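Take a look at the structure set out below.
The values are calculated or read from the model by the stated rules, or taken from the named source; none is laboratory data. Note that the structure is a prediction, hence the values are computed from the model and not measured. Every residue, glycine among them, receives a Cβ derived from its backbone with ideal geometry; neighbour counts consider all protein chains shown. All accessible areas refer to the heavy atoms of the entire protein, side chains included, with ligands and DNA or RNA removed. Shrake-Rupley method; radii C 1.70, N 1.55, O 1.52, S 1.80 Å.
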Amino acid sequence: MTHDQSANFRDEELLAAVVADLIGIVKHIAVGNASPIPATAALVARARGRELNLDKPYVSLLGSPKNTFFTDGGRELFDCAGQGRIDVFFLSGGEIDGEGNINLVSIGEQEHPTARFPGSFGSSYLYFVVPKVILFRTEHSKRTLVPKVSYVSAPGGSDDNVYRNGGPIALITNRCLFSFDQDRRRFRLESVHPGHTLAEVIVNTGFEFDRPPEVPVTPAPSAETLRLMRQVVAPELAEVYPQFASRVFGVTAAS
C-alpha cells in the first residue's frame, strides 16, 4: 500500500495510532523488547508533544542505545517503575482472559506442557506499579483470548485489601479495541477496526465482554498522525526495529 495519500494506511499504522491515543499526556513511556507497534506509538506520542510545544514524554525503548537511559536493562526498568517514574507500559501474553489475567509461561501440565512461552520476566510486578498498562495482542483468536488462562503470570485485578496503583486499561488486537474496567475486572468493546465486524470479534473471542448497542468503527489515523509516523518516527524506529521500519514504512536505518 502506498504512503503518499493519508487515506491509505497499513494495519500497523492504525494500531499504532490507536495506542498513541491511549497513551495520552504522560511523562514517561517504557517499551519492552520485540514491541515495534507499541514503540511506534510511544514515539508518535513524543513527536506530538514536540510539535505542539508541550512537555513531551520521555520514551525508553529497551534495546535502543539512542532512546533509553537504562544501562542495565530490565533491572533499571523495574527500579524506575517501583519509584512511580513510569506512566505507561505494554504487556502481552500467550493467553489473555476476560479478567485481564495474562499467561506468559505455558499451557498444559507443568511437567509436560503443550506450549511454552518466553516467561513472566517481571510482568506481574509491572502490572501492579505502572498506572497505565496497555495489553497488546496481534493474534485475536480463541486460542489467545481465552475464558481462563492456564497459568497466571500477572493478574488483571486484585482483592480490595491489596494495594495496587497499576493495571490494565485496554486491550488492542488486530480486530478491535477493548477498554478494561479494573473494578469489575471485565473488558468492554470500544470499537472494531475497519475491515472487521462485531460478529467476527464475538466468534473469535473466548471470553464474555460488554459492548454498547452500536459498536463504532475504529477511526482511521489522521493525516497529521500519519505524517509524524512516516516522516519523524519511522527513521527513529529503524535504529532498533530495522526490518519493521523497512517493511511498513520503507525506511532503512542510517549507516
- Query: Among the strands (runs of 3 or more DSSP E) contained in segment 34-116, which hold 1 or more residues that are open to solvent by 20 Å² or more (accessible area, probe 1.4 Å), more than 30 Å from Asn204 (Cα to Cα) and of a type in the set (Lys, Arg)?
  - Reply: none
- Go through segment 184-208 residue by residue and tally those that are open to solvent by 20 Å² or more (accessible area, probe 1.4 Å), touching a residue at least 24 places away in the same chain (Cβ under 8 Å) and in a loop (DSSP other than H, G, I, E, B). 5
- In segment 117-154, which residues are assigned to a helix (DSSP H, G or I) and touching a residue at least 40 places away in the same chain (Cβ under 8 Å)? Tyr125, Leu126, Tyr127, Val129
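For the structure I just gave you, tell me whether Gly157 is in contact (Cβ under 8 Å) with a residue 24 or more places away in the chain and either among the aromatic types (Phe, Trp, Tyr) or part of a loop (DSSP other than H, G, I, E, B) (or both). Walk me through it before giving the result.
Details: in contact (Cβ under 8 Å) with a residue 24 or more places away in the chain: yes; either among the aromatic types (Phe, Trp, Tyr) or part of a loop (DSSP other than H, G, I, E, B) (or both): yes.
For Gly157, the condition - in contact (Cβ under 8 Å) with a residue 24 or more places away in the chain and either among the aromatic types (Phe, Trp, Tyr) or part of a loop (DSSP other than H, G, I, E, B) (or both) - is met.
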- Out of Gly32, Gly49, report the one residue that is in contact with a Pro (Cβ under 9 Å, 6 or more places away or on another chain) and under 23 Å from Gly119 (Cβ atoms). Gly32
- Item | Residue selected from segment 18-33 under the condition open to solvent by 10 Å² or more (accessible area, probe 1.4 Å) and of a type in the set (Val, Ile, Thr), by the criterion nearest to Arg247 (Cα to Cα) | Val18
- Considering Val129, Val105, which residue is modelled with pLDDT of 95 or more, hydrophobic (A, V, I, L, M, F, W, C) and under 22 Å from Ala34 (Cα atoms)? Val129
- Note on the structure: Flagged in segment 225-245 as over 12 Å from Ile37 (Cα atoms) and either in a helix (DSSP H, G or I) or of a type in the set (Lys, Arg) (or both), in numbering order, are Thr225, Leu226, Arg227, Leu228, Arg230, Gln231, Val232, Pro235, Glu236, Pro242, Gln243
